[in-house]
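Read through the structure below, which is laid out as structure tokens, and then see the notes.
None of the figures in this text is laboratory data; all of them are computed from the coordinates on show. Keep in mind the model is a prediction, meaning the values are calculated, not measured. Ideal geometry is used to build each Cβ from the backbone, glycine not excepted, and the neighbour counts take in all protein chains shown.
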Amino acid sequence: MGQSLCSGTKLRAKLSSQKWSSSRFYLSAELNGLRHYFEPAAYTQLFQSTATSTPTKSSACYAFANGSFGFPDKIFSLPSASSLQFMRLESDGHLRLYEMQEQNSPRMLLDVLSTVVAFCDYPLACGDYGVCNSGQCSCPSFSTLSGSKMNGFQVLDAYPYQASPANTLMTTSSYH
């Protein structure tokens, strides 16, 4: 018994904000691998199986069972279960493995895609406006015509890092 994602179906992340009408991340099973999508941008990433055989259209299901996730051979190795496990595609694009605990909320065991996706490779690693460089988040800044730096963004939260447009526009009198 386990979870599966079959060709022609999508696993969408739970909607986390009311500013979007639908989730922006989803996974799709394809004959040549598992594809990770981010909308509305044209971002996709394909995770290919290490298997030597190719699944047929009728059997192209990526199965999650104790210790692995993939088809026809393992794509991702997972920790063995000591209790009930489940995977969930989160609103930040991360596919996480959870384990149920007695009378407690589920415990996150593994970020499944972390072996193949670096932190900055996630489209929203630093939120809607943050800039990610070498695993570090910062607010974007820009240079004026005179060469001085201006920052039209402010930090909302340190973790997870979020930058937001500042409330007021910054102008200088020399450009009026």
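Once backbone amide H atoms are built at 1.01 Å from N, SER68 has LEU78 as its partners under 5 Å, excluding neighbours fewer than 5 places away on the same chain.
Per-residue packing, averaged as other Cβ atoms within 10 Å, sorts the ranges 9-15, 26-32, 100-106 into the order 26-32, 9-15, 100-106, beginning with the highest. Peptides 124-137, 85-98 ranked from most to least packed by the mean count of surrounding Cβ atoms within 10 Å: 85-98, 124-137. Taking other C-beta atoms within 10 angstrom as a stand-in for reagent exposure, SER82, SER7 fall in the order SER82, SER7, fewest first. Computed from phi, the 3J(HN,Hα) profile of segment 88-96 under the Karplus parametrisation 6.51, -1.76, 1.60 (θ = phi - 60°) reads 9, 7, 8, 5, 8, x, 7, 9, 10 Hz, with x in place of Gly and Pro.
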